[in-house]
Amino acid sequence: MGFLNKGKLNTFFWKTFSFFVAKAKRHVGYAPFNKRLPSVAIIYDPSHDPNFHLSDYLGYLTDNFNIILFLPESYRSSPEINIEKCWRVYYFGPHELQNRIKFYFSRFLLSAHPIRFVLINANVGRFLMHYLWQKHIASLLLIGENYPLEGKTLNRVIAYATRVIYDRYETFMKTLTNALWAFPDSVDYLVPPDSKNAEELQNYISRITDIGYKAQKQLIQENKDAEFLSNSSEFDIPYWTGKNKPRFNRFRYARHYVRNYKSGASAARPRAGFHPGIYAENHDRGEERVDPFVHYLKSDKPDGKWNWNVLTSPDIVSSPDIGLKIALHIHAYYPHMLEAILEKLRANKIRPDLFISVKSESDKLSVQLLVDKYEGKTVIEVVPNRGRDIGPLFTEFGKELVQHYEIIGHIHTKQSLHKTDRKMVASWNTFLMTNLLGDGKTIKMADVILHYMQTHEKTALIFPDDKYAVGWAGNYQAGLELAKRLKIETLPKYIVFPTGTMFWAKADVLKPFVNLDLQWNDYPQEPLALDGTFLHAIERMFTLTCYQKGYDIVTTYLPHISR
């Protein structure tokens, strides 16, 4: 008989079982949904956050919001929390919370829109933040004394939600720590009051609500900014994406740029020669926080350290005056890469004196064979494995370079062995070398750069225009200590610098570093930390010493060569 078929019987019992389980776990509904009120989803697990008592907040919240409440199973009959005024209440077991939030949250966005914010405790915070950003949550505001720097967690998180927008933030959690450091004005912090006084608690909740409304204004402004940029030729989509053939319409790209830059999900800049962070640091953009690039364009593009000239490569340029004293330092830690560098250099007319540092006597012999027929002075020295490429530049050759040369180039054989994506490393190498030397064929960037520096006295530092606004990352403290030694009074929040530590500079820019009289023992030992060292701080200070001396920077940008 068909009814007794084993497969069908199993299906029948399974569906029956699932029906009763679902019914048992169905939400409890008390208060009717009020369309005039915003909605709040509260995920509460006191075992993870014993200092936060939901009962202190719930009375005020239920009078002002539709409440969606997630509670542990142990609270199903608990008198501690009065749930009669909540719109929806869901209970979760020890290992169910993440799945139940994930299952129900998409329904909330449709049935209870707009959800003004979501309160969660620290331990479920990272999961939910990741999930919300993947599901197009439009903005994030953090609350609490602790934020996710190393060894710390979030105390409170508020996520402000709106309808589905274009953006997806797969990389958000990966970049959150840097985002909080690099973009502090995109985050609002509040500390819960210690007192349980009702008035203080209501004031605290009101402040939280104000943040939500403020975020709403900013989101409206973001759409206006995206519309403006989509109609502006100043927004360079190939530069921002790193792809010469755009796949989507301009508004979609503009929306991505505005949202990603503001949130910190991506620090890509909108065009070569402009830094939104530096501009924002120096201009009041109002409560709506108008996008810095939009504000800059609408203000008739004022000059400042937020914008600078950009060089591209004509096929032929006049050769720099042969009387100009030019040197190029190459740190050839990987000597097998030197031949390709020399090939790119030889395509140019200029022949700078070469100062090459290597790690061993055998490497020195190999390099001597490569430069044997070079039409210029060559100096090759074996150096200790300290200070990476910076140590040889300043400690081995620094004094001779700044005393006898007007312009000094600095490049090195870059491998970045900590990077698993070797294709990306090769692409970055090509990007840096082509922008500083050329392609070894028709592009002669060394000639272009040195001719420009010869004819523009105020330009003292030229380096590739990396679209990513990398910022201080974990190097601000080391930067502060170095700034004192360099007599730089204040450090800006946002900076542009030669990412990868390769550049052409006038001697005046490098003299302050040489005058530090650094010895080999002053540099950290290998293996070197990926961030936060003295060397990472030096890399970020070149533009600041350039400005300190009254000079300008210039970057190079070749549209067909991306990092």
Pair-distance profile P(r), taking every C-alpha pair of region 380-456, with 5 angstrom steps and integer %
3, 12, 17, 17, 21, 18, 9, 3, 0
Run the simple label-point estimate for D321 and K373 please: 7 Å along Cα→C-beta, distance reported in nm.
3.2 nm
Env charge @ F503, Cβ radius under 13 Å, K,R +1 / D,E -1, value -2
Filtering trypsin sites (Lys or Arg not before Pro) in region 372-401 by DSSP loop and by at most 12 other Cβ atoms within 10 Å leaves K373, K377
I'd like the per residue volume of the convex hull spanned by the Cα atoms of region 335-427, given in cubic angstrom.
114 Å³
With a 1.4 Å probe and all protein chains kept in place, how do V470, V89 rank by accessible area, largest first?
V470, V89
Net charge over other residues, Cβ less than 13 angstrom from the Cβ of L528 (K, R count +1; D, E count -1)
-2
Please list the radius of gyration and Dmax for region 320-556, considering alpha-carbon atoms only, with Å as the unit.
16.8, 47
The summed charge of the E375 Cβ neighbourhood (under 13 Å; Lys/Arg +1, Asp/Glu -1) stands at +3
Give me the distance in nm between label points sitting 7 Å out from Cα along the Cα-to-Cβ direction at R252 and N82, one decimal.
5.1 nm
Length gained if E73 through M424 is fully extended, taking 0.36 nm per residue and subtracting the Cα-Cα distance, is 121.5 nm
Among the chymotrypsin sites (Phe, Trp or Tyr not before Pro) in region 358-411, which ones are in a DSSP loop with at most 16 other Cβ atoms within 10 Å of the Cβ? Mind listing them?
Y374
Stretch K484-L365 to full length: gain in nm at 0.36 nm per residue minus the Cα-Cα span?
38.7 nm
What is the calculated FRET efficiency for H404 to K301, with r their C-beta to C-beta distance and R₀ = 41 Å, to the nearest 0.05?
0.55
Could you tell me what percent of the DSSP beta bridges with both partners in region 320-556 are antiparallel, to the nearest 5?
20 percent
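The values are calculated or read from the model by the stated rules, or taken from the named source; none is laboratory data. The model shown is predicted, which means the values in this text are computed figures rather than measured ones. Reconstructed Cβ throughout: ideal geometry from the backbone, glycine too, with neighbour counts over all protein chains shown. Calculation scope for accessible area: heavy atoms of the full protein, side chains included, ligands and nucleic acids excluded. Shrake-Rupley method; radii C 1.70, N 1.55, O 1.52, S 1.80 Å.
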